[in-house]
1. For the chain, I need the span (max minus min coordinate) of the C-alpha atoms along each principal axis, in Å, sorted largest to smallest.
2. When we measure straight from the Cα of LYS50, which lysines land under 29 angstrom away, once same-chain ones fewer than 8 places off are left out?
3. Just want to confirm a number: the relative contact order over the chain, from Cα pairs under 8 angstrom separated by 6+ residues, in percent.
4. Taking 8 Å as the Cα distance limit and 6 or more residues as the minimum spacing, I'd like the relative contact order of region 38-85 as a percentage.
5. List the residues, sorted by chain then number, that are 5 or more residues from ILE4 or on another chain and whose placed amide H is less than 5 Å from its amide H.
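What follows is calculated from the coordinates using simple rules that are stated; it is not laboratory data. Note that the coordinates shown come from a computational prediction; the quantities given were computed from them, not determined experimentally.
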Amino acid sequence: MAGIVVKIGGEVVGSGEAAVLAKDLRVLVDGGARVAIVHGGGPQATELSKRLGIETKQVAGRRVTDAATLDVMKMAVAGKLNVDLCATLAAAGVSAVGLHGASGSSCAR
């Protein structure tokens, strides 16, 4: 079976839908599929920004990422959401490793 890329929106990661999706992904993995998951986190980043008193700015539906917002995105997406999604996958019996853009060795150069 070929490799599959699954994009999960932040709305799904933070809901009960993630557990349902994890069970479906287990079926694919058990069937021999190599699965890579990418996920969003917009709603969670917006909520964290509010809690930190940082105004969320959007232009044409896209988040404007200044230095403070970039920190929020790192905390929300590469931190909590990544850990929560890996835990949800593990609970469904899927072996998962959470990575982010700075995980690769090319970023250390």
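1. Projected onto its principal axes, the Cα set of the chain covers 45, 38, 25 Å.
2. In chain and number order, the partners are LYS7, LYS74, LYS80.
3. Contact order relative to length: 30 percent.
4. Working: 28 pairs, mean separation 20.6, N = 48.
Relative contact order, region 38-85: 43 percent.
5. The answer is ARG34, VAL35, ALA36.
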